[in-house]
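The structure appears below as structure tokens.
The values are calculated or read from the model by the stated rules, or taken from the named source; none is laboratory data. What you see is a predicted model; the values in this text were computed from it and never measured. Here the Cβ positions follow ideal geometry from the backbone for every residue, glycine too, while neighbour counts run over all protein chains shown. These accessible areas exclude ligands, DNA and RNA; they are computed on the full protein's heavy atoms, side chains included. Shrake-Rupley method; radii C 1.70, N 1.55, O 1.52, S 1.80 Å.
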Amino acid sequence: MNIRRINRRLKKRFGPAVTATLSEGNIVLSGRLPTWEKVIEACSLAAEKYSTTHVVNDIRCDEAGEQPIRMPTLRDTALEGRKPDVLIIGGGISGASIARELSKWQLDILLVEKEADLALQASGRNDGEVHPGIDLSRGSLKHHYVRRGNAMYDQLCRELDVPFKRVGQYVCFEKAWLKPLIALYCLIRKKRDGIADTELISGEELRRREPNLRFAFAISNPSSGCVCPYGLTIAYAENAVQNGAEVSLNTAVLGMEVQDGKIHSVTTNRGTVYPALVINAAGVFAEEIAAMARDRFFSIHPRRGTNSILDKKAGAYMHTIASVMDITRNTHHSKGGGILHTVHDNLLVGPDAIETWEKENTETHRESIDHVFQKQQRTMHTLSQGDIITYFTGVRAPTFEEDFIIEMGRKTGNILHCAGIQSPGLTTAPAVALDIEKMAVDYLSTLKPVEKNENYDPIRHGPPILREMSDERRAALIRQNPDYGIIICRCEEVSKGEILDALRSPIPVPTVDGIKKRVRPGMGRCQGGFCSPLVTQIIAEYLDCPLVYGIMENDRLFHTTKSYLEHEMIRGCELSGVKKIRLHDLRHSHASLLISELGLQPNLVADRLGHEKITTTLQTYSHLYPDKNRELADKLEEFVSEKYNAKEMYNARKT
């Protein structure tokens with residue numbers, strides 16, 4: 001890397017504000033810039049894609065300011081004095097998969113996660129696609145691992161009892177004249193890069209497979225699949241615990257003591273531990289962990305992505321993964337994402353890719369959703385924001401070289417970095433974990449003999465899923481345990497028995513969100529509007545603790561029930577002789593009153609009814625607006641007539 005050339009680029013773009021120096025094999029950028037966008041631009045100018053000479057960002061940014069790390073409130077000494085063979089920092093897909101693979105050996109494994117549950121950050125906030133690797137270039141670690149990881153998913157998900165579907169992927173093209181060029185690209189990917197399932201299909205064949213995808217042609221990769229990302233992370237960790245590993249949630253790493261080029265101790269909010277080996281799988285905070293270990297040779301620049309989940313009825317529109325490609329536009333960093341049919345039969349739309357300095361800000365912005373839908377409605381015209389039932393934002397952890405870091409420490413001997421993990425990190429995780437297992441065992445073998453865990457069991461049994469069972473099997477299970485016959489979540493058909501199974505799991509998290517991630521109450525159309533209080537009650541009863549609301553066991557949350565209102569309305573209709581209508585129809589009557597009698601504008605009516613878009617109001621009540629248009633025309637005619645008559649009277653008086 002020519003540091004002089006880099007400095008010339010920086011000076012040409014930013015003047016003397018930023019300089020680059022070569023320090024211990026890294027490119028260190030220092031200086032001051034007003035915006036984060038300019039910081040990203042400066043570091044990108046200095047970085048070489050897939051290089052192992054990393055950019056370290058020490059530029060001060062006026063816009064960014066200090067961002068304190070969110071810490072758990074828990075303080076105790078539960079881990080004080082522990083001496084694990086391996087301390088894994090981070091409870092995402094990387095940390096959980098590494099813990100499971102290392103549990104094949106007779107090792108004391110401790111995984112710490114600062115959040116209250118596993119996969120609360122990027123690992124639980126992505127689209128769940130198992131990538132084919134069609135878009136990855138040779139020479140990167142991403143490309144090295146993606147095909148290996150993809151091929152492992154069928155067996156892995158059978159072992160961990162996690163749903164997985166190979167739904168295939170289509171990259172679609174609108175312009176037929178591009179076909180010869182894309183055919184050459186496919187041939188290169190297939191023959192040179194090893195993406196063996198790549199094929200080019202015609203628009204007719206695409207429509208035969210997916211009638212709602214209408215394009216000139218498409219690239220097909222049948223090996224693409226989808227999995228529940230947080231479900232897989234939890235399953236990995238539970239299997240690790242079943243094989244002897246320990247998971248400590250609400251546990252943040254606060255500092256490290258480094259002596260003679262090795263980590264001597266690690267301080268947490270739950271005590272100080274003394275590990276033989278530390279594995280850094282801390283996601284967006286991997287750089288901070290490396291700095292604590294005095295081994296900082298890379299920088300993470302967070303990238304935010306927003307996804308929308310659509311109602312299951314929209315899942316019938318498409319049964320695959322699809323996106324539209326326009327090579328004349330900038331599609332870097334997967335901006336605009338795609339459409340994915342999930343393992344739970346929803347459609348997922350997204351993500352976008354927005355650079356940010358905020359590592360824990362998972363706010364969802366309307367412009368992100370609008371941007372993604374604007375692009376993906378080109379992929380499938382039937383796509384509608386009206387089908388959204390929820391949305392979420394995750395923050396990815398790329399380096400400026402846009403590749404993974406899988407290596408032992410460069411200055412500190414007993415740290416192993418699994419950093420810079422972004423897409424396709426979910427796909428590559430099984431293969432990466434195997435390599436890190438080997439690296440860790442090789443290092444630990446220099447300290448002591450490491451033996452195989454003869455009791456290792458790769459099989460994890462998840463809780464029964466009643467909605468997927470036959471009537472006969474479900475009835476048998478209910479006879480065995482009547483709790484399985486008590487349905488708590490109507491949308492997802494989740495029973496009380498399944499919720500109790502989640503509370504008794506190897507890594508129980510007795511929160512509404514923790515139960516939601518494990519057995520899906522609250523994941524349906526109403527997003528927990530009906531079942532969340534019931535789930536809370538079950539958790540409270542299981543823990544034998546009172547609810548925090550100050551509401552007693554037999555108290556009502558709402559004193560007037562829907563059935564009471566329906567009964568009173570029917571009674572009133574019968575007494576008055578008014579035609580009976582549904583309770584919900586009162587909403588339409590109210591809207592008619594606002595439009596026809598009070599003459600309110602559509603935007604005010606939309607706000608009153610809680611419609612997300614004014615087009616929903618106009619489409620639903622379009623039959624009322626022609627009357628308003630006629631009323632408007634009549635008023636205009638009356639106004640003009642009055643003006644015309646007034647002018648005639650004025651002229652008459654003059655003459």
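Can you tell me the FRET efficiency between ASN453 and LYS262 if r is taken as the Cβ-Cβ distance and R0 is 41 Å, rounded to the nearest 0.05?
Details: r = 26 Å, r/R0 = 0.63.
For R0 = 41 Å, the calculated efficiency reads 0.95.
Could you tell me which residue out of PRO464, LEU74, ILE279 lies farthest along the dipole of the chain toward its positive end? Charges go on the beta carbon: Lys and Arg +1, Asp and Glu -1, centred on the Cα centre.
ILE279
Sticking with the crude label model, points 7 Å out along Cα→Cβ, report the distance from HIS319 to GLU24 in nm, one decimal please.
Output for this residue pair reads 5.5 nm.
Could you provide, to the nearest whole Å², the per residue accessible area of the chain with probe 1.4 Å? Could you put the intermediate results ahead of the total?
Details: 32050 Å² over 655 residues.
Solvent-accessible surface per residue comes out at 49 Å².
Which pairs break 26 Å Cα to Cα here: LYS375/LYS613; LYS165/LYS516; LYS191/LYS438; LYS175/LYS375; LYS142/LYS452? Could the numbers behind the result be given before it?
Details: LYS375/LYS613 18 Å; LYS165/LYS516 21 Å; LYS191/LYS438 30 Å; LYS175/LYS375 16 Å; LYS142/LYS452 29 Å.
The pairs that break the limit, which is 26 Å between Cα atoms, are LYS191/LYS438; LYS142/LYS452.
Go through (i) 44.6; (ii) 29.9; (iii) 28.0 and flag the label whose value is the computed mean projected area of the Cα convex hull in nm² for this structure.
So the structure-derived entry is (i).
Using Stokes-Einstein with the Kirkwood hydrodynamic radius over Cα pairs, what translational diffusion coefficient do you get for the range 320-471 at 4 °C and a viscosity of 1.567 mPa s, in µm²/s rounded to a whole number?
Reported coefficient: 66 µm²/s.
Of all the accessible heavy-atom surface of the chain, with the other protein chains kept in place and a 1.4 Å probe, what percent is carbon and sulfur? All intermediate terms of the calculation are to be shown ahead of the outcome.
Working: 16750 of 32050 Å².
Carbon-and-sulfur percentage of accessible area, whole number: 52.
Would you mind computing the Rg to Rh ratio of the range 563-616 from its alpha-carbon coordinates, Kirkwood style for Rh?
Numbers: Rg = 13.8 Å, Rh = 12.6 Å.
For the range 563-616, the value is 1.09.
Taking θ as phi - 60°, what are the ³J(HN,Hα) couplings along the range 8-22 by the Karplus curve (6.51, -1.76, 1.60), each to the nearest whole Hz, with x for Gly and Pro?
Once θ is set to phi - 60°, the couplings for the range 8-22 become 5, 4, 5, 5, 4, 8, 10, x, x, 5, 9, 10, 10, 10, 9 Hz.
So if R0 is 51 Å, what FRET efficiency would ASP108 and GLN527 give, r being the distance between their Cβ atoms, rounded to the nearest 0.05? Walk me through the numbers on the way to the answer.
Details: r = 41 Å, r/R0 = 0.81.
Efficiency at R0 = 51 Å is approximately 0.80.
What is the set of long-range amide H partners of ILE279 at a cut-off below 5 Å, with H atoms built 1.01 Å from backbone N?
LEU87, ILE88, ILE89, LEU416
For LYS313, list the aspartates and glutamates whose Cα falls under 20 Å from its own Cα; do not include residues on the same chain fewer than 8 positions away.
The qualifying aspartates and glutamates are ASP127, GLU210, ASP345, ASP387, GLU468, GLU492, GLU493, GLU612.
Kindly provide the helix-only [θ] at 222 nm of the chain, computed as the sum of -39,500 (n - 2.57) over DSSP H runs of four or more divided by all residues, to the nearest 500 deg cm²/dmol? It would help to have the intermediate numbers written out before the result.
Working: 19 runs with 235 residues, N = 655.
My calculation for the chain gives -11000 deg cm²/dmol from helical runs alone.
Calculate how large, on average over all directions, the projected area of the Cα convex hull of the range 1-152 is; give the answer in nm² to one decimal.
Working: hull surface 53.2 nm².
Taking the Cα atoms of the range 1-152, their convex hull projects to 13.3 nm² on average.
Hey, rough spin-label estimate for ASN361 and LYS190, points 7 angstrom out along Cα→Cβ, what's it come to in nanometres?
The modelled label-to-label distance comes out at 4.6 nm.
Just from the alpha-carbon atoms, what are the Rg and Dmax of the range 92-230 in angstroms?
So, for the range 92-230, Rg and Dmax equal 18.4, 60 Å respectively.
For a quick check: with amide H placed at 1.01 Å from N, whose amide H comes under 5 Å from VAL56's, ignoring anything fewer than 5 positions away on the same chain?
For VAL56, the qualifying residues are ILE27, VAL28, LEU29.
Rounded to the nearest 0.05, what FRET efficiency is calculated for ASP544 and ASN603 with R0 set to 56 Å and r the Cβ-Cβ distance? Let's see the in-between values first.
Values: r = 51 Å, r/R0 = 0.91.
Once the sixth-power term is evaluated, E becomes 0.65.
When the label point is put 7 Å from the Cα of ARG138 along its Cα-to-beta-carbon vector, which residues of the range 166-197 have a backbone N closer than 11 Å?
188-195
What list of whole percents do you get for P(r) of the range 343-424, with Cα-Cα distances grouped in 5 Å bins up to the one holding the largest distance?
Over the range 343-424, the share of Cα pairs per 5 Å bin runs 3, 11, 18, 17, 16, 13, 9, 6, 5, 3, 1, 0 percent.
Among all stretches of the chain without exposed chymotrypsin sites (Phe, Trp or Tyr not before Pro) (DSSP loop, at most 13 other Cβ atoms within 10 Å), which one is longest? Intermediate values should be presented prior to the final figure.
Working: sites that count: TYR549, PHE558.
Here the longest segment lacking exposed loop sites spans 1-548.
What list of ³J(HN,Hα) couplings, whole Hz, do you get for the range 457-473 from phi and the Karplus terms 6.51, -1.76, 1.60, once you set θ to phi - 60° and write x for glycine and proline?
Working through the residues one at a time gives 10, x, 8, 10, 9, x, x, x, 10, 5, 5, 9, 8, 6, 4, 5, 5 Hz.
Could you run the Karplus curve 6.51 cos²θ - 1.76 cosθ + 1.60 with θ = phi - 60° over the range 172-182 and give me ³J(HN,Hα) per residue in whole Hz, x for Gly and Pro?
Once θ is set to phi - 60°, the couplings for the range 172-182 become 9, 10, 8, 9, 5, 5, 7, 4, x, 5, 5 Hz.
Could you give the nm distance between label points at ALA176 and ASP345, where each point is 7 Å from its Cα heading toward the beta carbon?
The modelled label-to-label distance comes out at 3.8 nm.
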